[in-house]
Amino acid sequence: MTATPSLLDVKDIRKAYGAIRAVDGVSFSVRPGEIVGVIGPNGSGKTTLFNSILGQIRPTSGSVEFSGEDITGMSPLELARRGIGRTFQTLQVFGGLSVRDNLIAAAQEFSGTMPGRLFAKPDAGLGQRADEMIELFRLKHVAHLPAGSLSYGQQKLIDIAMAFMAAPRLVLLDEPCAGVNPGLVDQLRELLVQLNRTQGGSFVVIEHNMGFIMRLCPHVICMVEGKVLAEGKPAAVQSNPAVLEAYLGN
Amino acid sequence: MNRITTLFAALGLALAAAPALAQAPIKIAGLVELSGTGATSGTNFDNGVKLAVKEINAAGGILGRRVEYTSGDTQSNPGVAKALAQKAIDDGAYVVMGPVFSGSILVSMEETRRAEVPNFTGGEAAAITQKGNPYIFRTSFTQSSAMPKVARYIKNGIKAKTVDIMWVNNDFGKGGRDMIMKSLEAEGIKVGVDISTDPGQVDFSAAVLRAKQSNGDALFVYTNEEESARALRELRKQGYAKPIVGETVLTSQKVIELAGEAANGAVAHVGLTADAPLPTVRAFDEKFQREYRSKSDHNGLKGYSGMYVVKAITERIGKVDGKAFAAAMKGAKISAKDHPGVLMDVTFDQNGDLDRESFLTKAVNGKQVVVETLPPLGAK
Amino acid sequence: MSAPARRAAMLVAIVAALAIGAAFLKRSDVYLLTLTMVYLMATFGLNLTVGYAGQMSLGQAAFFGIGAYVAAIALKAGVPFLAVMPIAAVACFVIGLALGFPALRVQHHYLAFATLGFNVLVYLILRNEEQVTGGTYGISAIPRPTILGVSFEGHLAYFHFTLASLVALGALLWWLLRSPWGRAFAALRDNPIRAESLGVNITAYTLLAFAIGAACAGVGGVYYASLVEFIEPGPFHFSTSLMMLLAVIIGGSGRFYGPVVGTIIIILLPELLRGSSHEALKFMQKWYLVFFGLAVVALMVWLPGGIVSLADRFRRRSTS
Amino acid sequence: MGDLVQLLVSGTATGAIYALAALGFTLLWQAAGVINFAQGEFVMLPAFAMLAGLAFGLPVWLAFLIACVLAAIVLGAGFKQVVVDPLIRHGVIPLVIATLGLAIAVKSTVRAGFSAEAHPLPSPFPTGQLSIAGINVSYADIGTLALAGAIVIGLQAFLNRTVTGRAMQAVAQNTESARVLGIDVRRMVLYVFLINAVLAVVAALLIAPTYLAKFDMGDSIGLKAFFAAIIGGFNQTRGALLGGVLIGVLENLVGFYISPAYKEGVALVLFLGVILLRPEGLLGKAEERKV
């Protein structure tokens, strides 16, 4: 352990469905500004772990601490207010709103009070910030179209941009590359690196795409059957025989 | 056909000849409950007016002018009735017929009053004619004139000391219940249980059970047609054996038809009935059945006789003028001998209330039978 | 001219045409138009709840009724109209919060059930609590407003007053929907789970959307009482709520002018048919609700966006 | 005491009829995700079908059988094919709206095309009543209880004991796993629609003789069925039964001991209480929050 206090501490999380242990004692920590990748074959418990951290399901045991505060079992709303953002495995945009409105909606609740927002300017003072993100994600040509009418890749970009709009301290990304064409994968990785540099938040990324994780994340965790099998630098994890066996032997 | 009617027809034809028919028709507007809880009452009333209008036109119209009758459906809703009244006035109605429901007429009569258009109603609530509206006229008894007759029957006819009351909680039922309470008290009869039921209620088991468990000597039922039928069926189902008395509705044709044999034995006072032992009413009954293939209830007679009152008074004043009409109605006496369409001798008072003979009826084997003719209140 | 400017110009033209044209209409037609506008206040509010915030409300007529009864009682007691309106709106808003809070706390889709039950309850109370509501006799002789010495007693004056109020209410809603609140409503309609993860307090916003919708119905109720000058429980039965919901949906829920089309179909059109004496139209009148019901089913199958979304379809087809 | 027993019996009889309608309601929800706001009209239509049969001079039982067949075709398979299938993919709300529209269309068709008035339907049971130890119970109530009870018990047995019944339950609980298990989901769902239609005919047969057949008779039955289903637990067949009987009995008790004026409020208060305190219903299981 280094001297810097960690931002997120996951301590011995377990989640059982009857006799099946989906997550079986996982612990790890994330330092400020760090990008952590979580890999593992299908059914290794990655998403269950994610949902336990994010308050979507209640873990059977274990705890999650964020900046030293116990956040286990908190609602998604409370987590969001503490500066934890996320993306979903499946597409989750506001289909009826324009791209720009999607981005503003993603950040407007983090400033001011509710009555204050009623009387705020229509763009809630976030128009410029939204335009910057639109620029960064190269969505300018579709900025005023309803998000639901765009292609899958474009919606994915919106989805990810939304998670970063409010500059959260921690973002959990659930398979950002799923369903994205290979050309976009590189762009995505560059975007994430750039966001990490400019905004300084910490990321946890679940991903199947090994290449993507290996190039993006300085620290990688490999999960198999609900347990952490290996943890460390990408190259080390990648060459770990147990990891190789778990992937190839499957 | 009646001799007088024939005479009238001939006279009418002669008068009507060429120029008269070319004149603009006299517009009569109907505001009637063709749907909703009052559908049965409103449809009958409407049919009664239509039949009268058809006859009047066949006989040359009123003052030689054809009568044009259009009716609108109030849906048993006072708000709609009010809108329709406005429409009738816009369309230049000479007289407005209806609505039948007291709740509706209480609202729509404000419109006809404002426009000074005479308005005949089938409503029986006492309040209608107590508002000093000079343009409102009845086609039937009020609850305040009918209920004393019912109370008298309960005292003298079935010699009951205590009576249970089952009534429907709407303007009609509530008004009747308050009135019968007063009348029973006046006759020294006690009220047992006081059972309120809902408009449109379907399940009467609890209500009937309460009546059954009471120690009253008879049950007075005052609900709308369908509810009366359901109550009678439930009373029969639970084996209620004491006399069942009503006012007008309980032994009406519709109730008897719906309740089937459960209606047998029920007794009710009625102001008007198609089974009245009078030649004018018999003639009406026959014509109505021929025209509509069903027997008219009291509302059909209300509409029919009401329309003939319009004709009689208009011919009396000799012009089509709503204000003069309303003035001529005050204290008017119309005899059935001169105007068979009014069915019975009738007198109107200053408020628009009417008085005439009435009947005590009983449901016997699926039919309403008149067991006694009661004299008018004013002719004690 | 830009699209928004063109739309604004069209709106002004329509409102002006209505305001001027009413003087040439018959009294009963003016009444009908006013009635349609009064219902429109309630359906505008319902559209906020259903269309913009995505919550099923089956109790709009209850709030309409509460507004009407508050108005009837207060107006008869001599409270000025301009004071009655906010009282009714606030009453409905607060009752909406009180009803919605426990319902939403448990499960979000229970709002529909709770509102339906609430409507039945309100109806029963209106009918049975005679001392306050007049029971089935209702309350009659409700006065029309006089504001700053100007009387709106006449049918045309009241029509203009209602039209102006409706435009004001519409403008208020328009402004609300353009504010960040409107965006939050749409977000929770489109994707409540995502919205919550982005810090949108979905319970609070749902509650607000519902209560604001209820308040609009309350305002509509005030105008209704004063228009008809008589109220009884009948018009506030939950079947009216269903019709209002259908008005919003067939018009186009979540589209600003959707309720206008829907309310015309539900209130104005049947009454116009009823008034006609033409044989073909009489036939239509009799079968109107049959066609209407079938049209609702067909609309759900082929055009779930409602009638107003037809315009979008044509536009998209012509541009692509 | 006699009062109470009589109230309980007739309340249970009425409640059993609500339960029949509620049962179909729940089955549809479980198996097909349909909230049918036209459920009351599904009871009203067979009443008129039987009325038509009787008008042709058919005996009651034959009119009933024909109504069952017609209902299975029109309200079962037809409803599924024409309304539910095209709409189910749009989600629950459009389907709810569509059934609302359907209810209006059906009601208005009967009113405009047939009659706006109420019509009597003969009771399948003899009139009169049975007296045991001072307690009077009408034959109609006994008959209603017996028939409704037999149907409910039979249906439960079918669902629990037969292969088809169990398959249907599997579909109701989890469509996906049922499909994986090789169950013909489409067929099972169709069965549920057919059962719902036949339950509605039985409810009509039992309810129309005392309540009278009328175009709007479905309003109150539909609402009661809806309340009963939620009170008992929307995802439990037994719940509908409990909810229906509870409403029937409590209505009678309130109508007798308190006031008939608030009798209609009973179901409602119970309903509001349940959705606020135990939203999954008295017998229901809480649904896990889905992501």
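Taking B:Ala266, is it within 14 Å of chain D (Cβ to nearest Cβ), of a type in the set (A, V, I, L, M) and in contact with a Lys or Arg (Cβ under 9 Å, 6 or more places away or on another chain)?
Numbers: within 14 Å of chain D (Cβ to nearest Cβ): no; of a type in the set (A, V, I, L, M): yes; in contact with a Lys or Arg (Cβ under 9 Å, 6 or more places away or on another chain): yes.
No.
Restricting to the stretch C:122-154, name every residue that is part of a helix (DSSP H, G or I) and buried (at least 21 other Cβ atoms within 10 Å of the Cβ). Give the steps one after another, and end with the answer.
Restricting attention to the stretch C:122-154, the residues satisfying the condition of being part of a helix (DSSP H, G or I) are C:122-128, C:130-133, C:135-137.
Within the stretch C:122-154, C:Val122, C:Tyr123, C:Leu126, C:Arg127, C:Thr133, C:Thr136 qualify.
Only one entry of D:Leu70, D:Leu87, D:Leu28, D:Leu20 meets the criterion of being under 30 Å from C:Leu299 (Cα atoms) and crowded, with 23+ Cβ neighbours inside 10 Å, and that entry is D:Leu28.
Yes/no matrix, rows are residues, columns are (1) within 11 Å of another protein chain (Cβ to nearest Cβ); (2) buried (at least 24 other Cβ atoms within 10 Å of the Cβ); (3) closer than 19 Å to B:Pro243 by Cα:
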position	(1), (2), (3)
B:Asn156	no, no, yes
B:Val193	yes, no, yes
B:Ala207	yes, yes, yes
B:Gln213	yes, no, yes
B:Leu219	no, yes, yes
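In this structure, D:Ser123 does not satisfy being in contact with a strand residue (DSSP E or B) (Cβ under 9 Å, 6 or more places away or on another chain) and among the hydroxyl-bearing types (Ser, Thr, Tyr). Within the option set C:Ala88, C:Ala74, being more than 14 Å from chain D (Cβ to nearest Cβ), free of Cβ contacts under 8 Å to residues at least 24 places away in the same chain and part of a helix (DSSP H, G or I) holds for one residue only, C:Ala74.
Condition check: at pLDDT below 85, outside any strand (DSSP E or B) and either surrounded by 21 or more Cβ atoms within 10 Å (Cβ to Cβ) or not hydroxyl-bearing (Ser, Thr, Tyr) (or both). Does B:Gly103 satisfy that? Judged against the criteria, B:Gly103 is a match. Number of residues in the stretch D:235-255 that are at pLDDT below 90 and either crowded, with 24+ Cβ neighbours inside 10 Å or of a type in the set (Val, Ile, Thr) (or both): the value is 8.
Picking from B:Val208, B:Val249, B:Val202, which residue would you name as being part of a helix (DSSP H, G or I) and either modelled with pLDDT under 90 or in the same structural domain as B:Val371 (by TED's automatic domain parsing) (or both)?
Numbers: B:Val249 fails: part of a helix (DSSP H, G or I); B:Val202 fails: part of a helix (DSSP H, G or I).
That would be B:Val208, the only listed residue that is part of a helix (DSSP H, G or I) and either modelled with pLDDT under 90 or in the same structural domain as B:Val371 (by TED's automatic domain parsing) (or both).
Screening B:Thr129 on (1) closer than 28 Å to B:Pro243 by Cα; (2) under 16 Å from the mean Cα position of the chain (by Cα) shows it passes everything except condition (1). Checking B:Val320, B:Val310 one by one, the residue that is closer than 27 Å to B:His339 by Cβ and assigned to a loop (DSSP other than H, G, I, E, B) is B:Val320 and no other. Taking the stretch A:200-250 as the range and being hydrophobic (A, V, I, L, M, F, W, C) and more than 29 Å from A:Asn181 (Cβ to Cβ) as the test, the residues that pass are A:Val228, A:Leu229, A:Ala230, A:Ala236, A:Ala242.
Residues in the stretch B:240-258 that are more than 10 Å from B:Ala363 (Cα to Cα), more than 15 Å from the chain's Cα centre (by Cα) and among the hydrophobic types (A, V, I, L, M, F, W, C): B:Ala241, B:Ile244, B:Val245, B:Leu258. For the stretch B:7-34, the candidate set comprises residues that are crowded, with 19+ Cβ neighbours inside 10 Å and part of a loop (DSSP other than H, G, I, E, B); within that set, the residue that is modelled with the lowest pLDDT is B:Leu34. Has the stretch B:293-307 got any residue that is assigned by TED's automatic domain parsing to the domain that holds B:Ala336, assigned to a helix (DSSP H, G or I) and over 14 Å from the mean Cα position of the chain (by Cα)? Among the residues of the stretch B:293-307, not one is assigned by TED's automatic domain parsing to the domain that holds B:Ala336, assigned to a helix (DSSP H, G or I) and over 14 Å from the mean Cα position of the chain (by Cα), which makes the answer no. In the stretch B:76-100, the qualifying residues are those that are facing chain C (nearest Cβ under 9 Å) and not in a helix (DSSP H, G or I), and the one that is most open to solvent (accessible area, probe 1.4 Å) is B:Asp91.
One residue alone among A:Phe119, A:Phe94 is aromatic (Phe, Trp, Tyr) and modelled with pLDDT of 90 or more, and that residue is A:Phe94.
For (1) at pLDDT 90 or above; (2) more than 10 Å from chain C (Cβ to nearest Cβ); (3) part of a loop (DSSP other than H, G, I, E, B); (4) surrounded by fewer than 20 Cβ atoms within 10 Å (Cβ to Cβ), each residue gets a yes or a no:
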site: A:Val38; (1), (2), (3), (4): yes, yes, no, no
site: A:Asn42; (1), (2), (3), (4): no, yes, yes, yes
site: A:Gly55; (1), (2), (3), (4): no, no, yes, no
site: A:Ile104; (1), (2), (3), (4): yes, no, no, no
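Part of a helix (DSSP H, G or I), farther than 23 Å from A:Gly125 by Cβ and not basic (Lys, Arg): which single residue out of C:Ala184, C:Ala164, C:Ala204, C:Ala195 fits that description?
Numbers: C:Ala184 fails: farther than 23 Å from A:Gly125 by Cβ; C:Ala204 fails: farther than 23 Å from A:Gly125 by Cβ; C:Ala195 fails: farther than 23 Å from A:Gly125 by Cβ.
After ruling out the rest, the residue left standing is C:Ala164.
Looking for something polar (S, T, N, Q) and either under 17 Å from C:Ala225 (Cβ atoms) or touching a strand residue (DSSP E or B) at 6+ places or on another chain (Cβ under 7 Å) (or both) - is there at least one such residue anywhere in the stretch C:44-58? No: the stretch C:44-58 contains no residue that is polar (S, T, N, Q) and either under 17 Å from C:Ala225 (Cβ atoms) or touching a strand residue (DSSP E or B) at 6+ places or on another chain (Cβ under 7 Å) (or both). Any idea which residue in the stretch D:104-126 is modelled with the highest pLDDT, counting only those that are within 7 Å of chain C (Cβ to nearest Cβ) and open to solvent by less than 20 Å² (accessible area, probe 1.4 Å)? Of everything passing the filter in the stretch D:104-126, D:Ala105 is modelled with the highest pLDDT.
Applying the set (1) open to solvent by 10 Å² or more (accessible area, probe 1.4 Å); (2) touching a strand residue (DSSP E or B) at 6+ places or on another chain (Cβ under 7 Å) to B:Glu261 leaves exactly one unmet item: (2).
Look at the stretch C:22-46 and say how many of its residues are of a type outside the set (D, E, K, R) and more than 9 Å from the chain's Cα centre (by Cα).
So the count comes out to 12.
The values are calculated or read from the model by the stated rules, or taken from the named source; none is laboratory data. The shown structure was predicted, so the numbers you read here are calculated from the model rather than taken from an experiment. In this analysis, Cβ positions are derived from the backbone assuming ideal geometry, glycine residues included, and neighbour counts consider all displayed protein chains. Note: areas computed on protein heavy atoms with side chains; ligands, DNA, RNA excluded. Shrake-Rupley method; radii C 1.70, N 1.55, O 1.52, S 1.80 Å.
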